[in-house]
Amino acid sequence: MTSLTPSYSAPSSLSERISVLSSIPVLLAQPHVPTESNNSTQPQSTRPSVVSSSPVPDYINAMAAVIDEVSVKKRHAIIREGATDQFLYIIAKGEAAVFKGATPKNESASEEEDGFSSSVSQSEHEVKLLTLRRGDFLGLGNMLEGKPHSATVVGESEVTTIYRISHADMYKLFNQYPAMALSICRYMTEELRTFRTKLADLADAHDAATNERLGVVRMTVYDSKEYERTVFDNAIERFNAELQAIKHKDPNAPIAKFEVQYFPVKLTMQTAALAAGSKIVCIFVNDNANGEVVAKLSSMGVQMVALRCAGFNQLDLKACQALNISAARVPAYSPYAVAEHCVALLQTLNRHVHIAYNRVKTGNFSLSNLVGKDLHGKTVGVIGTGKIGLCFVKIMVGFGCNILCYDVYRNKELEAIIIGNDAAIKAGAKDMPTIRYVDDLDELYTKSQVISIHCPLMPTTKHMINKETIAKMPRGVILINTSRGGLINTVDLIGGLKTGQIGGAGLDVYEDESDYFFQDKSADIISDDVLARLMTFNNVLITSHQAFLTEEALRAIADTTIFNVKEFVLEQKVLKELTNTVNL
């Protein structure tokens, strides 16, 4: 057989064709084919075995003898979407690209019988699905189902060499060599799964690109709650008014509208598809934006992750960097909200308010076992002196507590307060509490009757409160954590509570909180044994990550999130250019 179209390189010899076909793994995979003579009682593996050193199978020689070789120029069609033919194709050399929506440059022009002379022009409507390389098959669906080709395939290299075999010859080989037929069917099944996934992702990306062409930018909000939607809608309404004003002044402005869709579910690999058509996703503390999820979002056209929280341990920053995805957070929504909640937890535990409240509700007005302690004069250790830690320090100074602070990066405002406080003491001010930074956490652990944690969760801070550090603390210490649950080894915390080493724990966070917090589980059994045990202690106070939850904080979260979005959309800032970036 010879090619029906001019060839741009000399046809290969039979031995060269055999060599190329012998290098294609799918043609060498030989799954077990049951026969009447196979009486083995041992179970047969269904995994294909690959022949690497045995002689070339007979069907390779037979196939090489009946194939055509065709060379195709770049952007010339190999097969066209909607067309039918009687051939199966294999990439022998070079690469080919699969497109949806690609059209020939001149559809009315006469073509060669096989259509290879038709070049395909670039189209704004075409979507590239994937690249095919040596050993990939084309047209299996057309051969097995008789349906038109579902996509256009064009040469992507300067010259792409194709092996072509007629359907009739292929069916003869299938009948003669069942192992070959099974291997190709198995290959087709796997390729179909890959193709469908790729097609769905690219369709989603195409939706996002279409929205952008229409001047619409969409954001998908995960783990959304009713109480935050009103403030977000107000911020978005103001943003859209700003966009309309810009559009009124400049009709050619690229962005005309900002749309938001809310979902109550958390971001996971299973829910990532909900962001189809969105350029931005907005996530909260318990969403899961790991590397796999970030890659999925990127494949659908997502270009920014907007965190509506201060922490970012739920986001894979390395994946964002590799995929050029911008990410920004809300570094400070209302530090007062969180700091004040810390004091609420502390005083509730210290003065046994939760126990007294429940007693009185049942008519028990006894004061037994409700004895607390003055906070005045006690030493409070503050781990992390960012905006929240600083607010907590100021409040505790108001109680007359002595403060020990620790932070890798010292707060300049707090250092100024310390200088002023020291000066007042030296000047003779009476009853002034002391405030100072310590260089060693161990000093803070050993000298603090109350310890409040205000640092981020990182590999270096994970389980910083553990059996060893708890042993260094004064007996009866009260621990407060409103930052991240993973800062405390909960099993070790329980051990400290059982021995009385820890006198109380106020927790607004829990290491494995994502399955419980922000949800109503009152009708369910708590299957988390660690959490269930923690809840049995009357000197443990757990709130459901609500320290941030004030009207002022919700407004600040919404406003800062939209500010981050505006920088990305209007000012076209990306990655580390963003004011509140978390990008590496």
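Lys573 fulfils the conditions (1) in contact with a helix residue (DSSP H, G or I) (Cβ under 8 Å, 6 or more places away or on another chain); (2) of a type in the set (Lys, Arg); (3) modelled with pLDDT under 95 except for a single criterion, (3).
Among the residues of the range 42-60, some residue qualifies, meaning at least one is aliphatic (A, V, I, L, M) and at pLDDT 70 or above.
Table: residues versus (1) of a type outside the set (A, V, I, L, M, F, W, C); (2) surrounded by 15 or more Cβ atoms within 10 Å (Cβ to Cβ).
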{"residue": "Ile419", "(1), (2)": "no, no"}
{"residue": "Asp422", "(1), (2)": "yes, no"}
{"residue": "Ala427", "(1), (2)": "no, no"}
{"residue": "Met432", "(1), (2)": "no, yes"}
{"residue": "Val438", "(1), (2)": "no, yes"}
{"residue": "Ile451", "(1), (2)": "no, yes"}
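Taking residues in the range 75-92 that are within 11 Å of Ile165 (Cα to Cα), and partners anywhere that are part of a loop (DSSP other than H, G, I, E, B) and at pLDDT below 90, the pairs with Cβ atoms closer than 6 Å and at least 6 places apart or on different chains are Leu88/Gly139; Tyr89/Gly139. Of everything in the range 242-275 that is among the small types (Gly, Ala, Ser) and surrounded by 14 or more Cβ atoms within 10 Å (Cβ to Cβ), the residue that is farthest from Glu513 (Cα to Cα) is Ala253.
If a residue has to be in contact (Cβ under 8 Å) with a residue 40 or more places away in the chain and more than 17 Å from Asp422 (Cβ to Cβ) to count, how many in the range 433-448 make the cut? Number of matching residues: 5.
Residue by residue through the range 354-366, note down the ones that are over 23 Å from Ala505 (Cβ atoms) and open to solvent by 60 Å² or more (accessible area, probe 1.4 Å). Reasoning before the result, please.
As a first pass, look at the range 354-366 and keep what is over 23 Å from Ala505 (Cβ atoms): 360-366.
Passing the criteria: Val360, Lys361, Thr362, Asn364, Phe365.
Residue by residue, here is whether (1) in a helix (DSSP H, G or I); (2) open to solvent by less than 50 Å² (accessible area, probe 1.4 Å) holds:
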{"residue": "Val285", "(1), (2)": "no, yes"}
{"residue": "Glu292", "(1), (2)": "yes, no"}
{"residue": "Leu297", "(1), (2)": "yes, yes"}
{"residue": "Val302", "(1), (2)": "no, yes"}
{"residue": "Ala306", "(1), (2)": "no, yes"}
{"residue": "Val338", "(1), (2)": "yes, yes"}
{"residue": "Leu346", "(1), (2)": "yes, yes"}
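Contact map, the range 384-403: first residue farther than 12 Å from Cys455 by Cβ and open to solvent by 40 Å² or more (accessible area, probe 1.4 Å), second residue of a type in the set (Phe, Trp, Tyr) and at pLDDT 95 or above, Cβ cut-off under 9 Å, separation 6 or more or different chains; pairs are Ile395/Tyr336. Evaluation of Asp512 against the conditions (1) open to solvent by 20 Å² or more (accessible area, probe 1.4 Å); (2) under 21 Å from the mean Cα position of the chain (by Cα); (3) under 19 Å from Gly311 (Cα atoms); (4) modelled with pLDDT of 95 or more shows that the sole unmet condition is (4). Residues that are touching a helix residue (DSSP H, G or I) at 6+ places or on another chain (Cβ under 7 Å) and modelled with pLDDT under 95 within the range 331-347 comprise Ala332, Tyr333, Ser334, Pro335, listed in sequence order.
Based on what the data block shows, is Ile236 hydrophobic (A, V, I, L, M, F, W, C), at negative phi, at pLDDT 90 or above and more than 22 Å from the chain's Cα centre (by Cα)? Against the criterion (hydrophobic (A, V, I, L, M, F, W, C), at negative phi, at pLDDT 90 or above and more than 22 Å from the chain's Cα centre (by Cα)), Ile236 qualifies. When the test is whether a residue is in contact with a Gly (Cβ under 6 Å, 6 or more places away or on another chain) and surrounded by 15 or more Cβ atoms within 10 Å (Cβ to Cβ), Leu541 passes it.
The values are calculated or read from the model by the stated rules, or taken from the named source; none is laboratory data. Just so we're clear, the structure is a prediction, and the values are computed from it rather than from any experiment. Every residue, glycine among them, receives a Cβ derived from its backbone with ideal geometry; neighbour counts consider all protein chains shown. What goes into the accessible areas is simple: the full protein's heavy atoms, side chains included, and nothing from ligands, DNA or RNA. Shrake-Rupley method; radii C 1.70, N 1.55, O 1.52, S 1.80 Å.
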